Amino acid sequence: MLSQTDNETLTQVGPGTTMGELMREYWIPALMSSELAEPDSDPVRIRLLGEDLIAFRDTNGNVGIMDNFCPHRRASMFFGRNEECGLRCVYHGWKYDVDGKCVDMPNVPAGSAYHDTIAIKAYPTQEFGDLVWAYLGPREHLPDKVPQLEFGLLPASHRYVSKRLQACNWAQSMEGA
């Protein structure tokens, strides 16, 4: 039987926790590709390792996963407009690309380089096996590609991808499996 302290160390996965930092070193399945089926479709709320995030597919079909809150006035990016290769904040209209770089600031004078200094926290993504995977760890440890699990190597006609909500922590899920 684990002590309460050991149990918390093992099961807490938020930023700055022991297991949270370890799990961020791996690609994590974030959502199904079908949840972002069309370019410029509505953003989707997701929660990964204790972080509230927004996922979206840009005009070119690239997937971005970023912080839920705009760094300017903390407006939720969920209400943003997905347009022309970026997600535009509903508050002041700042637009961010899938890498989190601010690419448009309509309330800043033309020719200003201020937008080069602004970014929103964003995470690398890859699609594999009808899933969108995210890497939340340090960029210097970013693996080249997601794990090449067998289901992803099969043709789409030979796999079925689904998800479910399971009210438990990751260790309980693994133990029960």
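So which of Pro39, Pro106, Pro71, Pro43 ends up being touching a Gly at 6+ places or on another chain (Cβ under 8 Å) and at pLDDT below 95? Show your work before the answer.
On the way: Pro39 fails: at pLDDT below 95; Pro71 fails: touching a Gly at 6+ places or on another chain (Cβ under 8 Å); Pro43 fails: at pLDDT below 95.
The match here is Pro106.
With buried (at least 16 other Cβ atoms within 10 Å of the Cβ), of a type outside the set (A, V, I, L, M, F, W, C) and closer than 30 Å to Glu175 by Cβ as the only criterion, which of Thr5, Thr17, Thr9 stands out?
Details: Thr5 fails: buried (at least 16 other Cβ atoms within 10 Å of the Cβ); Thr9 fails: buried (at least 16 other Cβ atoms within 10 Å of the Cβ).
Testing whether each residue is buried (at least 16 other Cβ atoms within 10 Å of the Cβ), of a type outside the set (A, V, I, L, M, F, W, C) and closer than 30 Å to Glu175 by Cβ leaves just Thr17.
Among the residues of the stretch 44-57, is any more than 15 Å from the chain's Cα centre (by Cα) and open to solvent by less than 40 Å² (accessible area, probe 1.4 Å)? Working first, answer last.
So in the stretch 44-57, the residues more than 15 Å from the chain's Cα centre (by Cα) come out as none.
No: the stretch 44-57 contains no residue that is more than 15 Å from the chain's Cα centre (by Cα) and open to solvent by less than 40 Å² (accessible area, probe 1.4 Å).
How about the stretch 80-177: which strands (runs of 3 or more DSSP E) wholly inside it have at least 3 residues that are farther than 23 Å from Glu38 by Cα and touching a strand residue (DSSP E or B) at 6+ places or on another chain (Cβ under 6 Å)? Working first, answer last.
On the way: elements: 81-83, 86-88, 102-104, 125-128, 131-135.
Passing ranges: none, list empty.
Just for the stretch 101-123: of the residues that are open to solvent by less than 30 Å² (accessible area, probe 1.4 Å) and without any contact (Cβ under 8 Å) to a residue 24 or more places away in the chain, which one is farthest from Arg164 (Cα to Cα)?
The extreme case among them is Met105.
The values are calculated or read from the model by the stated rules, or taken from the named source; none is laboratory data. Remember, it's a predicted structure, so these values are computed and weren't measured experimentally. Positions of Cβ are backbone-derived with ideal geometry, glycine not excepted, and every protein chain shown enters the neighbour counts. The accessibility values were calculated without ligands, DNA or RNA, using every heavy atom of the protein model including side chains. Shrake-Rupley method; radii C 1.70, N 1.55, O 1.52, S 1.80 Å.
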